[in-house]
Ligand SMILES: Cc1cc2nc3c(=O)[nH]c(=O)nc-3n(C[C@H](O)[C@H](O)[C@H](O)COP(=O)(O)OP(=O)(O)OC[C@H]3O[C@@H](n4cnc5c(N)ncnc54)[C@H](O)[C@@H]3O)c2cc1C
């Protein structure tokens, strides 16, 4: 019997596999594609997930050391001036999804995870003790038994369907978007901003969504190749026998959106190059993220517009939120109900992503009333408090899991601390173990019953916080700002240890 079978070796399934392996569980990953896909979806990671990747040592592999937050971003095709925010939480990592998945697959292999490519999940039943899976591999159909099964098999999740979990929401079919890697003649590129000079429209900044009365245009000169996208409003639903996509179709779409014929050309470089027509968009949230021994992560649990790029910020943090809880359940030390907190913590986060992607989608619709709404929104976006609010929302920095105390850090993502000896918190969290950072030198005894599960990190830190209990997913389970925590704080620390890491050894 397998401990955990994961269907889907997309980024979220692979991340979950890494987290389980770090926690001492060897999952089996089934992936129906025989080779990694060459399709590129995400062009990068946006938000707290960049810091999460750093805290697992993966940022270095993808792009070297983590940089500062970005000075600006886009919300609903409006500029978000992040220099106005008091605390800018918005990091971006501009690396294509296929590269992210490749690095996660490499990491999973290093951790001893078995990934069976060309193996498709086709059937699933469960009872109180196990999940029975039917799989079709290159050698034909076979069966597997697992204690838990996780569907990381994308928006059309077979796991979700087989488990009988509904996927309510809306399908919007009024848009068609055309994207392509292409070259743009140098005379259209503004040397100062790197944007595009379009007659009658001035300079369209790079990496910006530019709204017109017929659609949306984006020009993104990524290091790996320039991407142009035109999204239009349409009554045409398309059909199954649409002609294959061409650069000419993208060019025509740009002409309709911008009212100008931008002479894009064939892409340069080795490729693979993107050439994609995408009709409509789905906004759906699974009825539940867990049915007995079956769980869902990533797109299998939620789909929404890609506007603002929040998908992997949500999905990869789902995977990290689930990994340690599932591992603790399998290893036998999980407190009662721990696995259920996966959904109670992650569903509200998914609901907020659905909310802000729908809000942004509403802000790009053509029409005078929307233009007026954008004018008002533009005024609001000049207020530092609004910029802070939106930046926190888009990065996920506003997520706070149910705190047990009134310490402002309780339930929050642990801040990027640096110890006095120069060690960054991100270096201490690579093992994905729970940590008690004790800068008071007085809390070691409190950890006595949990030393097998929680690591003590002594040291000093030039900050107001003096002690932090950090869960493997990076969230704070308890915090203190006292030079010597008193009895009440110590009691709360022991309660937090029990709440998240189970009974003490000598209980
Ligand atoms: C156009 C576009 C642009 C996007 N841009 C961004 C962006 O900039 N930033 C961002 O963060 N997100 C972006 N996203 C969202 C992001 O791509 C998804 O959230 C992400 O791919 C979800 O990962 P996943 O692992 O959950 O699912 P997937 O990537 O869909 O992976 C699921 C895997 O499961 C496999 N599978 C399916 N069925 C089975 C089965 N029965 N048995 C075995 N294996 C199976 C599939 O082959 C696939 O490999 C974008 C999405 C789109 C469509």
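The values are calculated or read from the model by the stated rules, or taken from the named source; none is laboratory data. From a predicted model like this one, the values you see are computed outputs, not experimental measurements. Glycine gets a Cβ as well: all are built from the backbone with ideal geometry, and neighbour counts include every protein chain shown.
Looking at the range 111-126, can you tell me whether even one residue there is in contact (Cβ under 8 Å) with a residue 12 or more places away in the chain, within 22 Å of the chain's Cα centre (by Cα) and either surrounded by fewer than 16 Cβ atoms within 10 Å (Cβ to Cβ) or over 24 Å from residue 40 (Cβ atoms) (or both)?
Checking the range 111-126: at least one residue is in contact (Cβ under 8 Å) with a residue 12 or more places away in the chain, within 22 Å of the chain's Cα centre (by Cα) and either surrounded by fewer than 16 Cβ atoms within 10 Å (Cβ to Cβ) or over 24 Å from residue 40 (Cβ atoms) (or both).
Using the structure shown, decide if residue 353 is assigned to a helix (DSSP H, G or I), under 13 Å from the mean Cα position of the chain (by Cα) and not assigned by TED's automatic domain parsing to the domain that holds residue 212. Before you say what the answer is, go through the steps one by one.
Details: assigned to a helix (DSSP H, G or I): yes; under 13 Å from the mean Cα position of the chain (by Cα): yes; not assigned by TED's automatic domain parsing to the domain that holds residue 212: yes.
The answer is yes for residue 353.
So that you can scan it fast, the table gives a plain yes or no per residue for (1) touching a helix residue (DSSP H, G or I) at 6+ places or on another chain (Cβ under 9 Å); (2) away from the ligand (no atom under 14 Å from the Cβ); (3) within 30 Å of residue 226 (Cβ to Cβ); (4) modelled with pLDDT under 95:
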residue	(1), (2), (3), (4)
98	no, no, yes, yes
104	yes, no, yes, no
117	no, no, no, no
155	yes, no, yes, no
162	no, no, no, no
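Give me the strands (runs of 3 or more DSSP E) completely within the range 411-507, filtered to those with at least 3 residues that are within 22 Å of residue 400 (Cα to Cα), ordered by residue number.
On the way: elements: 435-438, 455-458, 467-470, 476-480.
Correct list: 435-438, 467-470, 476-480.
Can you pull out the residues in the range 138-189 that are over 27 Å from the mean Cα position of the chain (by Cα), exposed (fewer than 15 other Cβ atoms within 10 Å of the Cβ) and more than 27 Å from residue 207 (Cα to Cα)?
138, 139, 140, 141, 142, 143, 145
State yes or no: is residue 17 under 21 Å from residue 325 (Cβ atoms), more than 15 Å from the ligand (Cβ to nearest atom) and under 21 Å from the mean Cα position of the chain (by Cα)?
Judged against the criteria, residue 17 is not a match.
Considering only the range 284-305, how many residues are under 17 Å from the mean Cα position of the chain (by Cα) and more than 13 Å from the ligand (Cβ to nearest atom)?
Residues that pass the stated criteria total 1.
Residue check: is residue 131 closer than 30 Å to residue 75 by Cβ and either surrounded by fewer than 16 Cβ atoms within 10 Å (Cβ to Cβ) or out of contact with any helix residue (DSSP H, G or I) (no Cβ under 7 Å at 6 or more places or on another chain) (or both)?
Working: closer than 30 Å to residue 75 by Cβ: no; either surrounded by fewer than 16 Cβ atoms within 10 Å (Cβ to Cβ) or out of contact with any helix residue (DSSP H, G or I) (no Cβ under 7 Å at 6 or more places or on another chain) (or both): yes.
It is false that residue 131 is closer than 30 Å to residue 75 by Cβ and either surrounded by fewer than 16 Cβ atoms within 10 Å (Cβ to Cβ) or out of contact with any helix residue (DSSP H, G or I) (no Cβ under 7 Å at 6 or more places or on another chain) (or both).
Inspect all residues belonging to the range 75-88 and state whether any of them is in contact with a helix residue (DSSP H, G or I) (Cβ under 7 Å, 6 or more places away or on another chain), at pLDDT 95 or above and either within 28 Å of residue 331 (Cβ to Cβ) or within 13 Å of the ligand (Cβ to nearest atom) (or both).
No: the range 75-88 contains no residue that is in contact with a helix residue (DSSP H, G or I) (Cβ under 7 Å, 6 or more places away or on another chain), at pLDDT 95 or above and either within 28 Å of residue 331 (Cβ to Cβ) or within 13 Å of the ligand (Cβ to nearest atom) (or both).
Looking only at the range 202-243, how many residues end up being touching a residue at least 24 places away in the same chain (Cβ under 8 Å), in contact with a strand residue (DSSP E or B) (Cβ under 8 Å, 6 or more places away or on another chain) and part of a loop (DSSP other than H, G, I, E, B)?
10
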